[in-house]
Amino acid sequence: MNVFDATRSTGYLCAGTVKKFEQVLDAFLEGQIAPSSLTRISESVNFKVLFAYALNDILIAHLCRATDSRF
């Protein structure tokens, strides 16, 4: 169920757009710009660490939407 949906991404953390990709890539390769480090959230369920890291929030729910979730 870990499917990345690029159509839902707003790209707030991107350095450029499709139109500026070549310019941003060249600047990176020439050492004019550098990637930024981001703090990510590591999550675990029942003491098992999940492999995906979240940026700002996590939703853990039952597969059946009608089921109550307890935290």
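The values are calculated or read from the model by the stated rules, or taken from the named source; none is laboratory data. Nothing here was measured: the structure is a model prediction, and the numbers come from that model. Neighbour counts run over all protein chains shown; Cβ positions are idealised from the backbone, glycine included.
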Subject >> Unmet criterion (only one of (1) outside any loop (DSSP other than H, G, I, E, B); (2) over 30 Å from G16 (Cβ atoms)) for A66 >> reply: (1)
Subject >> Residue count, the range 38-56 (criterion: in contact with a strand residue (DSSP E or B) (Cβ under 8 Å, 6 or more places away or on another chain) and surrounded by 10 or more Cβ atoms within 10 Å (Cβ to Cβ)) >> reply: 8
Subject >> Residue in the range 18-37 that is surrounded by the most Cβ atoms within 10 Å (Cβ to Cβ), counting only those that are part of a loop (DSSP other than H, G, I, E, B) and of a type in the set (D, E, K, R) >> reply: K20
**OP:** Go through the range 38-63 and count every residue that is in a loop (DSSP other than H, G, I, E, B) and modelled with pLDDT of 85 or more.
**Re:** 2
